[in-house]
Amino acid sequence: MKFHRSLTAIACMAAATPFHAVAQEVTLRVVSAFAENTTYVKNLEPMMQKLNAEGKGVLQLNFIGGPKAMPPFEVGNAVRTGVVDIGLTTGAFYTNIMPEADALKLTQMAGPELRKNGAIDLINKVWNEKANMQYLARVIDYTPFHLYLTKKIDKPDLTGLKLRITPVYRDFFQALGATVVQTAPGEVYTALERGVVDGYGWPINGIFDFNWHEKTKFRVDPGFYSAEVSLVMNLDKWKALTPAQKDLLTRHVVAHEADAVSWKKVNEEDIKRQAQAGIQTITFDAATARQFVDKAYEVAWTNLIKASPQYGPQMRKLFSR
Ligand code: 173
């Protein structure tokens, strides 16, 4: 009798839950592929604080840490499998999951525009299907990558140079004749110090976070591509959120995505600071500069479309002006 009564009680509670909106607060674990003290993480903190203030009783973000907590190239897989809920990372760091990951650098449009023209819907389709991820938002925009060197070049010929890369730069630098070695950001300083590499690829901002300016003599202009750092979430975890939780999370990350225009100012300051630190710019004549940038895109799109004949062409169409 007693047993029956409690079963009935449980059944009533289960039935009542959706109507009373008594869903429990959920805490999502966030891990970063970039170090805690760097520009990309600092930029995220105000958003997380705002979300947590508004999300009491609904949803909280718990920032676990950066590369000390998890190696950068493993963050994507940890999100895919649900070891963590949300990753702050870049597609180049999880090309082991799918080749499309590294295509996010190839867009010439900012996040809000990609949202409007359907590119983010396409990204989500691919990320859902191939990586078990929900693509939440792009948090860096207006930021080209550059080649930084310890040796001078006078034309876009990298023959004889050994460069630190990630998948972002691999095909392009190799196409220009370089020998490449992949490292996590945390290993670049030592590689420069020991003369293991003659330079590295990195965005226009952030080199001071790692003190690389101490070892950098030249920056090659122009930059190329658009540095991408995004928030990605385990898809099962995303699907398990209530509509209210999804709404809260979406509102905050999309607002943050729209704020990415502030990177323009950060980048101007870093350009000045690089000059003050004695980093000289290597420039090419206008035609050579254009060829350099065109080559970067051409090499990357050709390889992406080869690796992903299904989605590569669609991405190219929606990512390009
Ligand atoms: O150079 C890198 O480590 C890299 O691929 C990257 C991508 C986006 C932002 C910063 C660095």
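Among the residues making up the range 131-154, those that are of a type in the set (A, V, I, L, M) and either within 11 Å of the ligand (Cβ to nearest atom) or farther than 26 Å from PRO112 by Cα (or both) are VAL139, ILE140, LEU147, LEU149, ILE153.
Is at least one residue of the range 241-253 modelled with pLDDT of 95 or more, within 16 Å of the ligand (Cβ to nearest atom), touching a strand residue (DSSP E or B) at 6+ places or on another chain (Cβ under 6 Å) and not charged (D, E, K, R)?
Taking the range 241-253 as the starting set, the residues that turn out to be modelled with pLDDT of 95 or more are 241-253.
From the residues that got through so far, the ones that are within 16 Å of the ligand (Cβ to nearest atom) too are none.
No, because not a single residue in the range 241-253 is modelled with pLDDT of 95 or more, within 16 Å of the ligand (Cβ to nearest atom), touching a strand residue (DSSP E or B) at 6+ places or on another chain (Cβ under 6 Å) and not charged (D, E, K, R).
With a requirement of 2 or more residues that are under 23 Å from the mean Cα position of the chain (by Cα) and among the small types (Gly, Ala, Ser), the helices (runs of 4 or more DSSP H) lying completely within the range 218-284 that satisfy it span 243-258. Scanning the range 209-228 for residues that are buried (at least 17 other Cβ atoms within 10 Å of the Cβ), of a type in the set (A, V, I, L, M), under 16 Å from THR90 (Cα atoms) and more than 14 Å from the ligand (Cβ to nearest atom) turns up nothing.
Of all residue pairs spaced 6 or more apart or on separate chains, those with beta-carbon atoms under 7 Å, a first member in the range 118-146 that is within 14 Å of VAL254 (Cβ to Cβ) and not assigned by TED's automatic domain parsing to the domain that holds GLY206 and a second member that is away from the ligand (no atom under 16 Å from the Cβ) and in a strand (DSSP E or B) are ASN124/GLN134; GLN134/MET233; LEU136/MET233. Taking GLN108, is it at pLDDT below 95, in the same structural domain as THR38 (by TED's automatic domain parsing) and either aromatic (Phe, Trp, Tyr) or away from the ligand (no atom under 15 Å from the Cβ) (or both)? Yes: the conditions hold for GLN108.
Scanning the range 155-188 for residues that are more than 21 Å from the chain's Cα centre (by Cα), in a helix (DSSP H, G or I) and within 16 Å of the ligand (Cβ to nearest atom) yields a single hit, GLN174. A Cβ distance below 6 Å, combined with a sequence gap of six or more or placement on separate chains, defines the contacts here; from the range 26-54, residues that are touching a residue at least 12 places away in the same chain (Cβ under 8 Å) and surrounded by 16 or more Cβ atoms within 10 Å (Cβ to Cβ) reach residues that are in a loop (DSSP other than H, G, I, E, B) and among the β-branched types (Val, Ile, Thr) in the pairs ARG29/VAL84; VAL31/VAL84; TYR40/VAL229. Looking at the range 71-87, which of the residues that are touching a helix residue (DSSP H, G or I) at 6+ places or on another chain (Cβ under 6 Å) and hydrophobic (A, V, I, L, M, F, W, C) is farthest from ALA244 (Cα to Cα)? Only one residue tops the list, namely PHE73. When restricted to residues that are in contact with a Leu (Cβ under 7 Å, 6 or more places away or on another chain) and within 13 Å of the ligand (Cβ to nearest atom), the range 189-208 contains 4. Beta carbons closer than 6 Å, at least 6 apart along the sequence or on distinct chains, pair a first residue in the range 240-266 that is within 17 Å of LEU44 (Cβ to Cβ) with a second that is surrounded by 14 or more Cβ atoms within 10 Å (Cβ to Cβ) and of a type in the set (S, T, N, Q) for TRP263/THR143; VAL266/ASN205.
The values are calculated or read from the model by the stated rules, or taken from the named source; none is laboratory data. Everything quoted here is computed from the prediction, not taken from an experiment. Glycine also receives a Cβ, built like all others from the backbone with ideal geometry; neighbour counts cover every protein chain displayed.
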